[in-house]
Amino acid sequence: MPKLQLEVPHTLPQNEAQDRLQRFTESIHGKFGDQAKDVTQSWSDNVLTFGFKTLGMRIDGNIAVEPEKLVVNGDLPMAAMMFKGKIESEIRQQLERLVRV
């Protein structure tokens with residue numbers, strides 16, 4: 001299964017970055033509307049676990065909120081391999097927007 005891995009730097013206090021990340025799934029749903037279905041998120045300490053379904057494929061992962069960066073890890077279905085760059089780009093854009101000062 002292809003891996004989804006990226007880091008997004010931020011200059012926010014860690015707790016503020018985590019507070020802003022609360023809106024991550026809202027931003028995914030807001031940008032993609034009906035293209036993102038079954039959007040879920042849950043927290044464990046400083047790690048957000050998320051999931052959504054798009055183009056009939058389930059994307060699941062987690063985002064660790066570290067002092068100076070957000071670390072995203074997940075698995076992509078094989079069918080999503082040709083969209084990996086686009087998926088990573090969209091997730092990066094949404095996260096950069098959320099932690100922008």
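Computed values, structure above
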{"item": "Of the criteria (1) out of contact with any Phe, Trp or Tyr (no Cβ under 9 Å at 6 or more places or on another chain); (2) modelled with pLDDT of 90 or more, which one Lys84 fails", "result": "(2)"}
{"item": "Residue list for the stretch 1-32, filter: in contact (Cβ under 8 Å) with a residue 40 or more places away in the chain and either among the polar types (S, T, N, Q) or in a loop (DSSP other than H, G, I, E, B) (or both)", "result": "Met1, Pro2, Gln5, His10, Thr11, Leu12, Gln14, Gln18, Arg23, Ser27"}
{"item": "Restricting the stretch 33-49 to residues that are in contact with a helix residue (DSSP H, G or I) (Cβ under 6 Å, 6 or more places away or on another chain) and part of a strand (DSSP E or B), the residue that is nearest to Leu95 (Cα to Cα)", "result": "Leu48"}
{"item": "Output for the stretch 58-101, where each listed residue is in contact with a Pro (Cβ under 9 Å, 6 or more places away or on another chain), part of a strand (DSSP E or B), touching a residue at least 60 places away in the same chain (Cβ under 8 Å) and buried (at least 20 other Cβ atoms within 10 Å of the Cβ)", "result": "Leu70"}
{"item": "Pair list, Cβ under 7 Å, 6 or more apart: the stretch 35-49 residue within 12 Å of Gln18 (Cα to Cα), other residue of a type in the set (S, T, N, Q) and surrounded by 16 or more Cβ atoms within 10 Å (Cβ to Cβ)", "result": "Asn46/Gln18; Val47/Asn62; Leu48/Gln41; Leu48/Asn62"}
{"item": "Tally of residues being out of contact with any Gly (no Cβ under 8 Å at 6 or more places or on another chain), closer than 24 Å to Lys86 by Cβ and β-branched (Val, Ile, Thr) across the stretch 8-64", "result": "5"}
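Residues checked against (1) under 17 Å from Val8 (Cα atoms); (2) modelled with pLDDT of 90 or more:
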site: Ser27; (1), (2): yes, no
site: Asn46; (1), (2): yes, yes
site: Leu55; (1), (2): no, no
site: Arg58; (1), (2): no, no
site: Ala64; (1), (2): yes, yes
site: Pro67; (1), (2): yes, yes
site: Ala79; (1), (2): no, no
site: Arg92; (1), (2): yes, yes
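The values are calculated or read from the model by the stated rules, or taken from the named source; none is laboratory data. None of the values given here were measured: they were computed from a predicted structure. Heads up, the Cβs are rebuilt from the backbone with ideal geometry, glycines too, and the neighbour counts pull from every protein chain shown.
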